[in-house]
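Student: I'd like to ask you about the structure that follows.
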Amino acid sequence: MRCANGIEARQVNELFINIDPIQAGGRLTADAMKAVIAYGDGYSVCDNCRKPNRLDYINKPPIAEFHRDLAAWLNMDSVRTVPGARRGFQAITNTYVRKGDPVLLTSLSHYTEFLAIEETGGIAREIPHDADHKITADATAIKIEEVMRESGRVPVLAFIDHVDYQYGNIHDVKAIAKVAHHYDIPVLYNGAYTVGILPVDGKDLGVDFVVGSGHKSMAAPAPSGVLAATKERAAEVFRTTAIEGDVTKRKFGIKEPEMMGCTLMGATLVGLMASFPLVKERVKHFDRELENNRMVLEALLSVSGTKVLSEYPRNHTLTRVDTIASFDKVAESHKKRGFYFSGALEEKGIVGVIPGATKVWKFNTYGTTSKQARHLADAFVTIATENGLSLMK
Ligand SMILES: *Cc1c(COP(=O)(O)O)cnc(C)c1O
């Protein structure tokens, strides 16, 4: 089946159980798929744009109401939609970071955080993780003191990932934010793996910004994301334009430079909005997701030699495992080498494990039904026994 010549109709999530870490939380709802078709045309959300002419003021479709609901749901004062979490980071670094400014992030930070700092000429200073791959408030305090000693400067911003992309560990943002605020450092909560997955309360966490990813965790089309701020910080990041043309004397009203005026248009925004009711509901049932993750991880750990590298028991469905002493042993002598593993999974209707990976790899059971989780668990055990690996008693 083809969309057009040379473009196959993708059927991954229709035909397989997909445990790709970055894809599990972004799969579209049926309502988002309808929105993609209905609002695919360029500037389609602008049909009913009236003065003061800004995206977040449009009432039909209910974009203004969506912004209010979204801010309330995150317990923040203002929110804007952005083309991906990374563009949220960029708006914040553009506002606060100047050449040579130290900026805090962590040894588990995502590359997009580094790039957002790099663009402004800031200096990346990583808070190291501890032996359990956790970022702590103590390590944050030590790092701030170190930066001050070495540069004579207080960091101008701190990026803290609530759940990191490497281990899927939960970090104590609330305690870290408290330390950062002691030094008047604004805190950017990176919720790429939490907003749309877990309940997030920005005020309770005590953060200045909440950034989320629509296409990673809110069942929305790419590129989409959210950037929420406290009242005080909203006045800075969502400041309005002041520029004026010298010939025409034109000014541009309430357009916001960091947002380039209007941000998400068409299918991305309406897709994000269409999934929102389901997303609000699903964050209340994360316990079911953890139960499915437990079922799959226990099956993997029942294969002798398999280790879990993420915190255990799990608090998130994104999980990193080490199968050097189990599935990788088979790869050493298998004619397909490491590809036997992803190949055998695919034969059982499972995709999302990096083809060829048998040493250290990640999976995300988010969004599976308990029946699918059972199938995943059985598949890993069957592949192990079929290849002569032993099971723990
Ligand atoms: C995926 C991810 C991002 C980037 O999100 P986009 O919405 O694709 O820009 C940033 N930070 C973390 C921790 C991530 O996992």
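Student: For segment 255-291, which residues satisfy the criterion of being open to solvent by 50 Å² or more (accessible area, probe 1.4 Å), under 17 Å from residue 45 (Cβ atoms) and in contact (Cβ under 8 Å) with a residue 60 or more places away in the chain?
Tutor: 255, 265
Student: A further question follows. Select, from 343, 349, the only residue that is under 25 Å from residue 290 (Cα atoms) and surrounded by fewer than 17 Cβ atoms within 10 Å (Cβ to Cβ).
Tutor: Numbers: 343 fails: under 25 Å from residue 290 (Cα atoms).
Result: 349 is the single residue among 343, 349 that is under 25 Å from residue 290 (Cα atoms) and surrounded by fewer than 17 Cβ atoms within 10 Å (Cβ to Cβ).
Student: Inspect segment 349-361 for any residue being outside any loop (DSSP other than H, G, I, E, B), out of contact with any Gly (no Cβ under 8 Å at 6 or more places or on another chain) and more than 12 Å from residue 327 (Cα to Cα) and give the result as yes or no.
Tutor: yes
Student: Considering 310, 342, which residue is outside any helix (DSSP H, G or I) and under 28 Å from residue 218 (Cα atoms)?
Tutor: Just a single option satisfies the conditions, and that option is 310.
Student: Any idea how many residues of segment 292-307 are open to solvent by 30 Å² or more (accessible area, probe 1.4 Å) and assigned to a strand (DSSP E or B)?
Tutor: Final tally of qualifying residues: 1.
Student: OK, next. Answer yes or no as to whether residue 367 is touching a residue at least 60 places away in the same chain (Cβ under 8 Å) and in a loop (DSSP other than H, G, I, E, B).
Tutor: yes
Student: Looking at 324, 383, can you tell me which residue is surrounded by 14 or more Cβ atoms within 10 Å (Cβ to Cβ), more than 25 Å from the chain's Cα centre (by Cα) and part of a loop (DSSP other than H, G, I, E, B)?
Tutor: Among 324, 383, only 324 is surrounded by 14 or more Cβ atoms within 10 Å (Cβ to Cβ), more than 25 Å from the chain's Cα centre (by Cα) and part of a loop (DSSP other than H, G, I, E, B).
Student: A further question on this structure: Filter segment 15-61 down to residues that are open to solvent by 80 Å² or more (accessible area, probe 1.4 Å) and among the polar types (S, T, N, Q), then give me how many there are.
Tutor: Of the residues in segment 15-61, 1 are open to solvent by 80 Å² or more (accessible area, probe 1.4 Å) and among the polar types (S, T, N, Q).
To keep it simple, each residue is scored yes or no on (1) under 24 Å from residue 392 (Cβ atoms); (2) hydrophobic (A, V, I, L, M, F, W, C); (3) in contact with a helix residue (DSSP H, G or I) (Cβ under 8 Å, 6 or more places away or on another chain).
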site: 281; (1), (2), (3): no, no, no
site: 343; (1), (2), (3): no, no, no
site: 354; (1), (2), (3): no, yes, yes
site: 367; (1), (2), (3): no, no, yes
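Student: Given (1) within 16 Å of the ligand (Cβ to nearest atom); (2) polar (S, T, N, Q); (3) without any contact (Cβ under 8 Å) to a residue 24 or more places away in the chain, where does residue 11 come up short, assuming only one miss?
Tutor: (1)
Student: Identify the residue in segment 210-220 that is under 11 Å from residue 26 (Cα atoms) and not hydroxyl-bearing (Ser, Thr, Tyr) and, among all such residues, is farthest from the ligand (Cβ to nearest atom).
Tutor: Ranking the qualifying residues of segment 210-220, first place goes to 219.
Student: Cβ-Cβ distance below 8 Å, separation of 6 or more or different chains: which pairs start in segment 221-243 with a residue that is over 23 Å from residue 268 (Cβ atoms) and away from the ligand (no atom under 16 Å from the Cβ) and end on one that is open to solvent by less than 10 Å² (accessible area, probe 1.4 Å) and assigned to a helix (DSSP H, G or I)?
Tutor: These pairs meet every condition: 230/202.
The values are calculated or read from the model by the stated rules, or taken from the named source; none is laboratory data. Bear in mind that the values here come from a model prediction, so they are computed numbers and not experimental data. Counting neighbours? That spans all protein chains shown, and the Cβs are built from the backbone with ideal geometry, glycine included. Note: accessible area is taken over every heavy atom of the protein model, side chains too, but ligands, DNA and RNA are not part of it. Shrake-Rupley method; radii C 1.70, N 1.55, O 1.52, S 1.80 Å.
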